[in-house]
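Asks: Here you go, one structure.
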Amino acid sequence: MGMRVWVWSVAVLVCVCWFDSSLCYPNGSVSISCESMIPVHLPYTANSSSPPYTLSASADTYRPGDSITVTLEVQDATLYFEGFFLQARSSSSPELWPVGKFKVINNNMFTSLTCNSKMNSAVSQANNTKRTKVVLTWEAPNNEKCGDVHFR
C-alpha cells in the first residue's frame, strides 16, 4: 500500500508541476496565439478597454523588401508592460496572415515566432522584463501581393 501511495504522490506532483509551468509564457513562446492573437495563458486575458500604448510604423507605405521600424510604446510614463505579441497582417487579404517578417536583433529581449509556417512572422518578449518601449524592424515580403498592411 505504501508504494502505491508513493507512486500516486509522484504522479500528482508531476501533473501539478506540468500544469503550473504551462500557464505562463515569460519567454514569449506563445505560438498558440498566432491566429487569434489573444493571450491564452493565465492570469492574463485580452484587454477590452482603450489601449494604454501606441503602435506606430516609420512609414505609411512600403515596397517589396522595404524595412519598416515598428514602435510599441506606453502613453503614460508611469505604466509599463511585461509581454507583447506583434504581427503584420494584410488588410485586403486576411487569409494571408501573417505577412513579412521581423528582424530580431537581440534574442535576449525578443523571441521570433513561426506563425502559419512563416518564420519570424511574429515577435514577442523573451522574458518578463518591465518595458515602456519596444522598437522592432519589419521587412516587407518580396513576392506576396498583400496590399495594405496593419500591425497588430
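Nothing in this text is a laboratory measurement; each read-out follows from the coordinates by a stated rule. Quick caveat, the model's predicted, so the values are computed rather than measured. Please note: Cβ atoms are built from the backbone with ideal geometry, for glycine as well, and neighbour counts cover all protein chains shown.
Asks: Using amide H atoms built 1.01 Å from N in the peptide plane, name the residues 5+ places from Tyr53, or on other chains, whose amide H lies under 5 Å from its own.
Replies: Gln75
Asks: Sorted from fewest to most neighbouring beta carbons within 10 Å, what does the list Arg152, Arg63, Arg89 look like?
Replies: Details: Arg152 12, Arg63 8, Arg89 19.
Fewest to most other Cβ atoms nearby, the residues stand as Arg63, Arg152, Arg89.
Asks: Is there a quick way to get the dipole size of segment 27-151? I mean about its Cα centre, with the Cβ of Lys and Arg at +1 and of Asp and Glu at -1; what is the value in debye to the nearest 20? If you can, show how the numbers build up before the last one.
Replies: Working: 9 positive and 10 negative charges, 50 e Å.
About 240 debye.
Asks: Can you give the local net charge around Lys103? Use residues other than it whose beta-carbon is closer than 15 angstrom to its beta-carbon, Lys and Arg +1, Asp and Glu -1.
Replies: Values: positive: Lys101, Lys118; negative: Asp66, Glu139.
Surrounding charge for Lys103 is 0.
Asks: Next up: Pairs of alpha-carbon atoms within less than 8 angstrom and 6+ residues apart define the contacts here; what relative contact order does segment 27-151 have, in percent? The partial results should precede the final answer.
Replies: Details: 259 pairs, mean separation 40.6, N = 125.
It comes to 32 percent, rounded to a whole number.
Asks: Where does the charge balance sit around Leu86 when Lys and Arg score +1, Asp and Glu -1, over other residues with C-beta under 15 Å from its C-beta? List each step's numbers first, then the result.
Replies: Details: positive: Arg89, Lys101, Lys103, Lys118, Arg131, Lys133, Arg152; negative: Glu35, Glu73, Glu82, Glu139.
Net of charged neighbours comes to +3.
Asks: Under 29 Å between alpha carbons, and skipping anything fewer than 8 positions from Lys145 in its own chain: which lysines qualify?
Replies: Within the straight-line limit of under 29 Å, Lys145 reaches these lysines: Lys101, Lys103, Lys118.
Asks: Can you tell me which of 49-60, 74-85 comes out highest on packing, and rank the rest after it, using the mean Cβ neighbours within 10 Å?
Replies: Numbers: 49-60: 11.3, 74-85: 13.3.
So the order, starting with the most tightly packed, is 74-85, 49-60.
Asks: To continue, here is another question. Sort Glu95, Glu73 so the one with the fewest other Cβ atoms within 10 Å of its own Cβ comes first. Working shown, then result.
Replies: On the way: Glu95 6, Glu73 14.
In order of increasing Cβ crowding within 10 Å: Glu95, Glu73.
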